[in-house]
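Peer 1: This is the structure I have questions about; it appears just below.
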Amino acid sequence: MKKDSLLGKSRKEIQSNTTAEMALEYLREGNERFVNNLKSHRDLLEQVNETSDGQFPFAVTLSCIDSRTSAELIFDQGLGDIFSIRIAGTVINQDILGCMEFACKLAGSKLIVVLGHTKCGAIKGACDNVHLGNLSTLLNKIQPSVYYEKTVAENRNAGNPEFVEKVSRIQVKRSVENIIEQSIILREMIENKEIGLIGAVYDIDTGQVEFLEETFMFGEIKHFYLDVEGQEKSANR
Ligand SMILES: [Zn+2]
């Protein structure tokens, strides 16, 4: 069902009739419009009025602060459509989990998307082990993704685009996994098929979002076993 065909229904009705799979489809369609330079017809000022009494966003996105990765633009969404959380490198912390729990448990959103991106400065910073004031604390949260990348043997630094992109994908998977490991509320909602969770990567060059289908959780909890070396060590113990 196209979201447009639901026009005429209240935003609350639309949200409550949306499933995680439908929410994912809305975002796929929105990104397709974005890439093709098409925009869904929407009057933002009218949406100000429509949403003034309450909000019923169908999805939550966690994207980077990078000025090129605004989730509403990338997914061609208007006011009141998505909760947009942004932090460099899509790292997870308790405040962000709190935002997601609010969005899903209290405000009724049906899908969480962790949206990493290519050429990410935060990932590059972690790859080069940059230290700068409070930024160091943030980049430390990305360091395990650098460590878990084991396929690139040489030039393991920000100057190697292949290495940076591989670390980015690991970082998205780690953030997805951190959500189910650190939030019992969200994990239970996924197990009960009340919400879905998926990772994705936005391509800065093409405007395209690639959903990492293998990370989609809806009903079933998945683990990505990123720490292969660590597992081998403990297996040999
Ligand atoms: Zn970034």
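We did not get these values from a lab; they are worked out from the coordinates using the rules stated. The shown structure was predicted, so the numbers you read here are calculated from the model rather than taken from an experiment. All Cβ positions, glycine included, derive from the backbone under ideal geometry; neighbour counts span all protein chains shown.
Peer 1: Report yes if some residue within the range 14-35 is exposed (fewer than 15 other Cβ atoms within 10 Å of the Cβ) and in a loop (DSSP other than H, G, I, E, B); otherwise report no.
Peer 2: Within the range 14-35, not a single residue is exposed (fewer than 15 other Cβ atoms within 10 Å of the Cβ) and in a loop (DSSP other than H, G, I, E, B).
Peer 1: Moving on to the next point. Among Ile112, Ile82, which is away from the ligand (no atom under 15 Å from the Cβ), surrounded by 24 or more Cβ atoms within 10 Å (Cβ to Cβ), in contact (Cβ under 8 Å) with a residue 24 or more places away in the chain and within 12 Å of Ser183 (Cβ to Cβ)?
Peer 2: Numbers: Ile82 fails: within 12 Å of Ser183 (Cβ to Cβ).
Within the list Ile112, Ile82, the selection yields Ile112.
Peer 1: Shifting gears a bit: Can you find even one residue in the range 87-104 that is surrounded by 14 or more Cβ atoms within 10 Å (Cβ to Cβ), within 16 Å of the ligand (Cβ to nearest atom), outside any loop (DSSP other than H, G, I, E, B) and at negative phi?
Peer 2: yes
Peer 1: Filter the range 187-202 for residues that are aliphatic (A, V, I, L, M) and in contact with a Lys or Arg (Cβ under 8 Å, 6 or more places away or on another chain); which is farthest from Ser109 (Cα to Cα)? Steps first, answer last, please.
Peer 2: Residues of the range 187-202 that are aliphatic (A, V, I, L, M), as a first pass: 189-190, 195, 197-198, 200-201.
Checking the rest, the ones that are also in contact with a Lys or Arg (Cβ under 8 Å, 6 or more places away or on another chain) come to 189, 195, 201.
Numbers: Met189: 11, Ile195: 7, Val201: 21 Å.
The extreme case among them is Val201.
Peer 1: In contact (Cβ under 8 Å) with a residue 24 or more places away in the chain, surrounded by 12 or more Cβ atoms within 10 Å (Cβ to Cβ) and within 21 Å of Thr69 (Cβ to Cβ): which single residue out of Lys166, Lys173 fits that description? First the steps, then the outcome.
Peer 2: Working: Lys166 fails: in contact (Cβ under 8 Å) with a residue 24 or more places away in the chain.
Being in contact (Cβ under 8 Å) with a residue 24 or more places away in the chain, surrounded by 12 or more Cβ atoms within 10 Å (Cβ to Cβ) and within 21 Å of Thr69 (Cβ to Cβ) holds for just one of Lys166, Lys173, which is Lys173.
Peer 1: Under 8 Å between Cβ atoms, which residue pairs at least 6 apart in sequence (or on different chains) link something in the range 8-31 that is charged (D, E, K, R) with a partner that is assigned to a helix (DSSP H, G or I)?
Peer 2: Lys9/Asn17; Arg11/Glu50; Glu13/Leu6; Glu29/Lys3
Peer 1: Related question: With the requirement that a residue be more than 20 Å from Gly121 (Cα to Cα) and either of a type in the set (Phe, Trp, Tyr) or in a loop (DSSP other than H, G, I, E, B) (or both), what does the range 64-86 give you?
Peer 2: Phe75, Asp76, Gln77, Gly78, Leu79, Gly80, Asp81, Phe83
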